[in-house]
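Below is one structure; the comments refer to it alone.
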Amino acid sequence: MKSASNPIPNLSGFSERNGSWYAEEIPLSDLASQFGTPLYIYSKKSLTEAFQAYDRACVDPTGHRRARIHYAMKANSNLAVIDCFKKLGAGFDLVSGGELARALAIGADPKSLVFAGVGKSADEIAQALQAGVKCINVESIAELHQINRVAQQLNCRAPISLRVNPDVDAQTHPYISTGLKGNKFGIAYHEVLKTYREAALLSQIDVVGIDCHIGSQITSTSPYLDALDKVLDLVEQLKKEGITIHHLDLGGGLGISYGSETPPDITEFTNTLLDHVAKRGFAYLDVVLEPGRSLVGNAGVLLTQVEYLKPGAEKNFCIVNAAMTELMRPALYEAYHAIVPVQNKNLKSLTYDIVGPVCESGDWLGKDRTLGIEEGDLLAILSAGAYGFVMASNYNTRPKPAEIMVDGDKAYVIRSRENTQDLFSSEARLPD
Ligand SMILES: Cc1ncc(COP(=O)(O)O)c(C=O)c1O
């Protein structure tokens, strides 16, 4: 049900046919009957196509690979999702020991792993070094020294990049902007050269790359080109000083359409960046890209059921069985997700706020949506594949939903629904 209040993105894995929504070849209503709701559903076709759109640009017409995709698994770290990307040839961008454990659990090559994050603990650094990751992206001088100390204790070398904060405005939501000088991420631009000089003198450190990630849900290429130029200026300067950089990590952040945005096409965007690297004479660098959202965001939906329709004094409420506990983005960033009835019954339309059962006024999933629905109907919340399940919580002692991957006419449970007993099975009461 597309309307000005409810713009719908173009999706490759989900479609409406004769008034019913499908995941690839399976009606969403069948998945709800079989697996219950709330339910996360991913399309293998959709995530495969998004990966291939990046990968097409990573190999030039002569067959030379000029860049590699390291999927940022923070966007969706389900083992089946990351295994699909591994089989397509992806490496991974990690931000915790937990994500490292996931990558190792699917047999990812440690040399395909880059480890980022502003507050890595000594334990996490040790795990990464012992696993033999390709690179640790360093976010502060204090962390650089910590890595050197840990490597000394383990008697090994630590391959590092410095994450540059280029002070570029990615023109995105303040909570997901990371490349401005007021953000906690990266090393301030004017301190980068000094920090590289310091790194080059440390006993266990091997300088291998340079890294930059300016934010998320970025819908234009120009902030990337600004950041890229600033980073390449540093590489040039480092070369003059005899500090050799082998790889250039441009981070992730490319936005998707949630309904009305018009982000650049993935292949064109990647070509523009890689052509710019070559034009400035740095084609010899291995480029790493770390997309997350643009690989999985539109490959997932959250299926929910209407519990009650509640007319209010000022607003009508549609109370569904999913909440901020399943999908936090609206509550956290006031993010927009298109919401569609799974079966269009041609009912009279009313305007609703779509809200969950959680005891917070901030628990909403969509505002002012004009929908023709009745109690018991199923709704699909679109574009929920990225930063959806991974941000789910058990607030209000709510079990996390199941996750399903659809491949053509087959559906696989890739995470079982939690049950209530499990939520407090590790808790203990005090002795009497
Ligand atoms: C270092 C780093 N790389 C990659 C990403 C992935 O970003 P996105 O999902 O917007 O592509 C993030 C997320 O913010 C990040 O912090």
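The values are calculated or read from the model by the stated rules, or taken from the named source; none is laboratory data. These numbers come from a predicted model, not from an experiment. FYI the Cβ positions are ideal-geometry reconstructions off the backbone, even for glycines, and counts take in every protein chain you see.
The table below gives the values:
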{"read-out": "Selected residue [away from the ligand (no atom under 16 Å from the Cβ), assigned by TED's automatic domain parsing to the domain that holds Arg417 and over 30 Å from Arg417 (Cα atoms)] from Ala323, Ala313", "value": "Ala313"}
{"read-out": "Within the stretch 290-310, considering residues that are touching a residue at least 40 places away in the same chain (Cβ under 8 Å) and of a type in the set (D, E, K, R), the one farthest from the ligand (Cβ to nearest atom)", "value": "Glu307"}
{"read-out": "Evaluation of Thr62 against (1) surrounded by fewer than 24 Cβ atoms within 10 Å (Cβ to Cβ); (2) in a helix (DSSP H, G or I) (one fails), failing number", "value": "(2)"}
{"read-out": "Filtered residues of the stretch 86-108 (kept if loosely packed, with under 13 Cβ neighbours inside 10 Å and either in contact (Cβ under 8 Å) with a residue 60 or more places away in the chain or over 18 Å from the mean Cα position of the chain (by Cα) (or both))", "value": "Lys87, Ala105, Gly107"}
{"read-out": "Any hit, the stretch 217-226, residues being within 13 Å of the ligand (Cβ to nearest atom) and surrounded by fewer than 20 Cβ atoms within 10 Å (Cβ to Cβ)", "value": "yes"}
{"read-out": "Neighbours by Cβ (under 7 Å, 6+ apart or cross-chain): first from the stretch 204-227, in the same structural domain as Asn148 (by TED's automatic domain parsing) and part of a helix (DSSP H, G or I); second away from the ligand (no atom under 12 Å from the Cβ) and not small (Gly, Ala, Ser)", "value": "Pro223/Val168; Pro223/Asp169; Pro223/Gln171; Tyr224/Leu273; Leu225/His276; Asp226/Val168; Ala227/Pro166; Ala227/Val168"}
